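Accompanying notes for the structure given below.
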Amino acid sequence: MELMVCGKLRGCLVLVFFAALLVGLVNGIGVNWGTQLTHPLPASTIVKMLKDNGIQKVKLFDADPDILNALKKSGIQVMVGIPNDMLYTLANNMQAAEKWVSKNVSAHVSSGGVDIRYVAVGNEPFLSTYNGTFEAITLPALQNIQSALVKAGLGNQVKVTVPLNADVYQSTQVPSDGDFRQNIHDLMVQIVKFLSQNNAPFTVNIYPFISLYSDSNFPVDYAFFNGFQSPINDNGRIYDNVFDANHDTLVWALQKNGFGNMPIIVGEVGWPTDGDRNANLQYAQRFNQGFMSRYIAGKGTPMRPGPMDAYLFSLIDEDFKSIQPGNFERHWGLFYYDGQPKYMLNIGSRANGLVAATGVAYLPKKWCILKTSANLNSDQVAPSVSYACQNADCTSLGYQTSCGGLDARGNLSYAFNSYFQVNDQIDSACKFPGLSVVTDKDPSTGDCKFKIMIQTDSAGLHGNGRIWSLRIVLFVLLFFTLM
């Protein structure tokens, strides 16, 4: 039975509320707030939603100025992030590191009233799938950012960390076998030593869902917190869920290398709700509430039994994320794209569940669907649906997904509407040749919801260019059809 959780790619904004042990104690769980949406809610709307839900900490994957400005004097503690594609420059240019800190940390702390506590240098830079791309530059970038913080007089106030995937450590059978991955062992020890010298935490992302997703033989109940019937006994320490086993494999890796007391932050943990047969509302609610019940009670793991720092992933669904790791990547949110809660979840601040975003405006109630008279054998069907799904979001279509029960006509309607909504319901976004029509009758059925897009300041940003691309593609297809 595998203990470890496999990796996943991500680049997004992470929002956190957690009990910080290092720089000020604030109770509450954290959640990742991703921004890879075609129509993101305004930052001010998100900040209000965070406050309404009692969220007291936020962690960003970058240092978006609009988001930092929205966080001014909000009372929310912040972790800003540095994307992996900036590591090379920061590792090789101290002046660039100082400039980054001045622009993205000092300026907001000194005059903007933003309570920045951490800088996350990179995001899962040692994923096996990166083939060592960032191995030589992560530690130098970390060192330069730390030096820049010290030079700016922020060395004690703002701490550095590197969010790492759980694949940086491994175990053969039980957590006590744990150690850092062999090919990066010495590098990991150097990084951990540097973090320890600067009173900084080790940040790790743990995903039991990925264990279930990657291994068809993985026992389902072991991914949750309800008491697996065949627990692992590791020298008297009992593991009835993979999260604890994974976490404590890291604890053992740290301990074996002389850093047994290093603080650990769980940077990402959660469960998606669509895009895979194991990604659904029921499993997500089961996992996240199971995790939260333990978190609220201050129950840690067998090796770290006390309160835990953690960030749920994620705050909101992201319809523009890469689906290279899997279609579920666009469905990690506790909230849908429009800020509506997906299911009942008690995160400790409110017994009645999550509070929805307020003041959200929607586009008119109209949908783009397949014409009743459309011929499914038309040569236009395949290229049309392919184009729609490539440029919108069809990840709810598939085996045992929320819209997996649709027939062929329903699949086409879903694809057309997804493209129509992403492009702000512009008439020309529902001009699939001889196939599509706009309707004011909601085609949603059962758990399969045909969305209506929200109005945002970015309306058209992802749309108009695609509209012209669609016109060109369909023109070319029509041209060759008529030849």
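The values are calculated or read from the model by the stated rules, or taken from the named source; none is laboratory data. Predicted model only: the values in this text are computed from it and were never measured. So basically every Cβ, Gly included, is an ideal-geometry build from the backbone, and we count neighbours across all protein chains shown. Surface accessibility is based on the protein's heavy atoms, side chains included, excluding ligands, DNA and RNA. Shrake-Rupley method; radii C 1.70, N 1.55, O 1.52, S 1.80 Å.
The numbered conditions (1) open to solvent by 50 Å² or more (accessible area, probe 1.4 Å); (2) among the small types (Gly, Ala, Ser); (3) within 24 Å of the chain's Cα centre (by Cα) are all true for residue 223 except (1). If the condition is being open to solvent by 10 Å² or more (accessible area, probe 1.4 Å) and closer than 30 Å to residue 418 by Cα, then region 53-62 contributes 61, 62. So for region 248-256 (the condition being surrounded by 23 or more Cβ atoms within 10 Å (Cβ to Cβ), more than 19 Å from the chain's Cα centre (by Cα) and among the acidic types (Asp, Glu)), does at least one residue qualify? Scanning region 248-256 turns up at least one residue that is surrounded by 23 or more Cβ atoms within 10 Å (Cβ to Cβ), more than 19 Å from the chain's Cα centre (by Cα) and among the acidic types (Asp, Glu). Taking region 301-335 as the range and being surrounded by fewer than 18 Cβ atoms within 10 Å (Cβ to Cβ) and without any contact (Cβ under 8 Å) to a residue 60 or more places away in the chain as the test, the residues that pass are 304, 305, 306.
Taken together, the criteria place residue 130 among residues that are in the same structural domain as residue 155 (by the TED database), open to solvent by 20 Å² or more (accessible area, probe 1.4 Å) and of a type outside the set (S, T, N, Q). With respect to the conditions (1) surrounded by fewer than 23 Cβ atoms within 10 Å (Cβ to Cβ); (2) farther than 21 Å from residue 196 by Cβ, residue 101 lacks only one, and its number is (1). Could you go through region 453-461 and let me know if any residue there is open to solvent by less than 60 Å² (accessible area, probe 1.4 Å), at pLDDT 95 or above and more than 22 Å from residue 339 (Cα to Cα). Looking for residues that are open to solvent by less than 60 Å² (accessible area, probe 1.4 Å), at pLDDT 95 or above and more than 22 Å from residue 339 (Cα to Cα), one finds none in region 453-461, hence no.
Condition check ((1) at pLDDT 95 or above; (2) outside the structural domain of residue 326 (by the TED database); (3) on the phi > 0 side of the Ramachandran plot; (4) among the small types (Gly, Ala, Ser)) across all residues:
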| position | (1), (2), (3), (4) |
| --- | --- |
| 236 | yes, no, yes, yes |
| 245 | yes, no, no, yes |
| 258 | yes, no, yes, yes |
| 280 | yes, no, no, no |
| 286 | yes, no, no, no |
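Scanning region 171-184 for residues that are out of contact with any strand residue (DSSP E or B) (no Cβ under 7 Å at 6 or more places or on another chain) and modelled with pLDDT of 95 or more yields 171, 177, 182, 183, 184. Using the structure shown, decide if residue 182 is surrounded by fewer than 19 Cβ atoms within 10 Å (Cβ to Cβ), polar (S, T, N, Q) and in contact with a helix residue (DSSP H, G or I) (Cβ under 8 Å, 6 or more places away or on another chain). Taking the combined requirement at face value, the residue does not satisfy it.
Residues being open to solvent by 10 Å² or more (accessible area, probe 1.4 Å), touching a residue at least 40 places away in the same chain (Cβ under 8 Å) and touching a strand residue (DSSP E or B) at 6+ places or on another chain (Cβ under 6 Å) are represented in region 77-96 by at least one member. State whether the residues of region 429-440 include one that is open to solvent by 10 Å² or more (accessible area, probe 1.4 Å) and within 23 Å of the chain's Cα centre (by Cα). Looking for residues that are open to solvent by 10 Å² or more (accessible area, probe 1.4 Å) and within 23 Å of the chain's Cα centre (by Cα), one finds none in region 429-440, hence no. Among the residues making up region 257-284, a single one is free of Cβ contacts under 8 Å to residues at least 12 places away in the same chain and either more than 24 Å from residue 159 (Cβ to Cβ) or crowded, with 17+ Cβ neighbours inside 10 Å (or both): 282.
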